[in-house]
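Participant: One structure, pasted below without further comment.
The values are calculated or read from the model by the stated rules, or taken from the named source; none is laboratory data. These numbers were taken from a predicted model, which means no experiment stands behind them. Every residue, glycine among them, receives a Cβ derived from its backbone with ideal geometry; neighbour counts consider all protein chains shown.
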């Protein structure tokens with residue numbers, strides 16, 4: 001087990017913001033994780049869709065990226081296949097492994113940052129698909145250290161949400177995919193990546209989409225219509241490329257990001273009457289800031 005004391009968490013988030021964890025722990029086996037979960041550590045995934053407080057996180061933080069990253073085709077034939085992915089595996093690595101095996105269904109995940117565990121909890125996806133479309137079952141570890149399996153319909157999947165965080169620590173999942181032509185899969189992955197690069201500010205630190213899309217509407221469009229493209233608080237900026245991204249232009253603090261989110265929420269409510277729901281998660285002690 002790897003243990004880092006007073007480790008700055010900005011190093012482990014895509015927004016590159018966050019104070020230290022008292023202890024950042026990398027369990028490398030189910031037995032090590034079982035010993036940890038009874039102390040209820042904060043579970044850190046790939047650091048996307050996450051804003052860590054400037055004061056950091058007290059107590060333990062556990063990351064499964066080193067010991068739970070296995071990706072394996074466990075059954076293949078008859079036009080379909082089942083693939084196991086550990087919670088610590090990169091989502092993009094899972095998509096690439098499926099492509100190499102000639103399996104279609106995970107193309108939507110190509111280029112999405114983060115780990116499989118976080119993708120399951122957030123039901124990550126795009127307009128081309130999401131995790132709930134491919135998941136057969138999910139393995140979780142209860143707070144008493146016992147692993148069990150949940151069928152897909154027990155996971156409470158919804159738009160950019162699930163009930164998994166309340167069920168324990170996600171350690172892996174089995175996905176069911178279909179056999180397909182590798183060139184067809186590759187072309188779809190390339191098309192989706194080109195579209196992402198053309199629409200999203202991938203060359204500057206961000207946490208991905210900040211707000212969920214309201215039913216029948218686009219959060220980015222509501223934010224742009226409120227005149228907030230390019231709005232700034234300190235080092236935090238509403239992207240001029242994609243208004244539902246807040247980017248770190250350098251030296252941004254968690255306080256800056258929270259203040260900018262609150263400005264967006266207030267202005268969108270004033271201009272459109274829509275109450276935006278945050279997709280980004282807050283972790284650590286924000287005090288009065290970010291209480292929502």
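Participant: Of the numbered conditions (1) surrounded by 19 or more Cβ atoms within 10 Å (Cβ to Cβ); (2) under 19 Å from the mean Cα position of the chain (by Cα), residue 96 fails exactly one; give the number of that condition.
Facilitator: (1)
Participant: Then there's this: Check the range 156-165 and report whether any residue there is out of contact with any strand residue (DSSP E or B) (no Cβ under 9 Å at 6 or more places or on another chain) and assigned to a strand (DSSP E or B).
Facilitator: yes
Participant: Separate question: For residue 102, indicate whether it is touching a residue at least 40 places away in the same chain (Cβ under 8 Å), touching a helix residue (DSSP H, G or I) at 6+ places or on another chain (Cβ under 9 Å) and at negative phi.
Facilitator: In short, no.
Participant: Here's a follow-up. Checking residue 55 against (1) in contact (Cβ under 8 Å) with a residue 60 or more places away in the chain; (2) assigned to a strand (DSSP E or B); (3) more than 24 Å from residue 93 (Cα to Cα): exactly one of these is not met. Which one?
Facilitator: Unmet condition: (2).
Participant: Evaluate the range 67-81: report whether one residue or more is buried (at least 17 other Cβ atoms within 10 Å of the Cβ), within 22 Å of residue 141 (Cα to Cα) and touching a helix residue (DSSP H, G or I) at 6+ places or on another chain (Cβ under 6 Å).
Facilitator: Yes - at least one qualifying residue is present in the range 67-81.
Participant: While we're here: Scan 137, 176, 143 and give me the residue that is at pLDDT below 95, over 15 Å from the mean Cα position of the chain (by Cα), not assigned by TED's automatic domain parsing to the domain that holds residue 211 and not in a helix (DSSP H, G or I).
Facilitator: 143
Participant: Among the candidates 153, 203, which residue alone is outside any helix (DSSP H, G or I) and either over 16 Å from residue 106 (Cα atoms) or in the same structural domain as residue 76 (by TED's automatic domain parsing) (or both)?
Facilitator: Just one listed residue meets the conditions, 203.
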